[in-house]
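The structure appears below as structure tokens.
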Amino acid sequence: MNYTHMKKLVILTGAGMSAESGIATFRDSNGLWNNYRVEDVATPEGFKVNPQLVLDFYNYRRRELLEAHPNEGHKEIAALEKLFDVHIITQNVDNLHERAGSSHVIHLHGELMKSCSIKDTNKSYPIPPESPDLHIGDEAPDGSQLRPFIVWFGEAVPKIEEAIRYVELSDIFVIIGTSLNVYPAAGLLNYVRNGQPVFLIDPKEVNTHRQDVEFIKTGASEGIKLLAERLKTII
């Protein structure tokens with residue numbers, strides 16, 4: 001397909017994107033942080049103190065993901081590739097966008113179905129679905145312990161510069177299912193060019209500090225259907 005004449009549509013997705021697929025969100029009242037302290041399962045320090053707890057936490061989440069399926073919202077986004085040059089920037093560590101058929105996905109916070117060495121967190125190794133658990137003693141090719149390929153709190157976000165470039169070049173920017181409370185992802189909105197259409201899909205109030213955002217106050221799947229109709233008017 002020739003993308004040269006297609007408008008560049010960049011979509012930032014957060015936990016609300018995958019909630020309809022049964023993936024637990026972290027920050028809602030019934031979210032994962034109610035059962036675990038962030039410091040214990042999502043920091044390098046937590047891994048040093050109790051690696052077994054951290055591995056168990058992500059093993060459970062990996063098994064949860066293998067039981068989940070892309071929802072209609074994921075499929076609707078993939079279908080937008082027929083009309084736009086679509087790039088997804090996601091805060092989610094699941095692979096549901098890819099499984100729905102999306103071609104270009106940047107994972108800011110890592111990927112659940114991959115592991116990395118504790119010595120080199122930039123190089124990843126796929127985790128086979130038929131053997132999804134990581135264990136103490138599992139070694140990377142460099143001989144060190146494998147850990148989840150997740151960007152933990154306090155760690156650099158290596159994909160953020162690439163994400164910024166896509167936002168700066170985009171013709172249309174869409175935000176779906178994120179509270180815009182987690183940085184640096186929340187700061188991507190600052191790189192949208194003046195006069196560029198910006199849409200935000202979320203059933204909850206989200207403060208963007210901008211006057212030019214068009215809000216679609218509903219869940220991801222319904223919101224993306226409404227967005228698709230709206231986008232047809234500005235192709």
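The values are calculated or read from the model by the stated rules, or taken from the named source; none is laboratory data. None of the values given here were measured: they were computed from a predicted structure. Quick note on the areas: whole protein, heavy atoms, side chains included, nothing else; ligands and nucleic acids left out. Shrake-Rupley method; radii C 1.70, N 1.55, O 1.52, S 1.80 Å.
Once Rh for the chain is found with the Kirkwood sum over Cα pairs, what is the Stokes-Einstein diffusion coefficient at 10 °C and 1.306 mPa s, in µm²/s?
Approximately 86 µm²/s, per Stokes-Einstein.
Of all the accessible heavy-atom surface of segment 79-235, with the other protein chains kept in place and a 1.4 Å probe, what percent is carbon and sulfur? All intermediate terms of the calculation are to be shown ahead of the outcome.
Numbers: 3870 of 7650 Å².
The nonpolar share, carbon plus sulfur, comes to 51 percent.
Of Leu231, Leu83, which has the most accessible area with a 1.4 Å probe, and how do the rest follow in descending order?
Sorted by accessible area, descending: Leu83, Leu231.
Using the Kirkwood radius built from alpha carbon pairs, what does the Stokes-Einstein equation give as D for segment 135-220 at 37 °C and 0.692 mPa s, in µm² per second?
The Stokes-Einstein estimate is 214 µm²/s.
What does the helix-only formula give at 222 nm for the chain: each DSSP H stretch with n ≥ 4 adding -39500 (n - 2.57), the total divided by the residues, and the result rounded to the nearest 500 deg cm²/dmol?
Calculated at 222 nm, the ellipticity per residue is -8000 deg cm²/dmol.
DSSP beta bridges in segment 128-235, what fraction antiparallel, as a percent rounded to 5?
Once the DSSP bridges in segment 128-235 are tallied, antiparallel ones form about 10 percent.
If you count only protein heavy atoms with a 1.4 Å probe, what accessible area per residue comes out for the chain, rounded to a whole Å²?
Details: 11790 Å² over 235 residues.
I get 50 Å² per residue for the chain.
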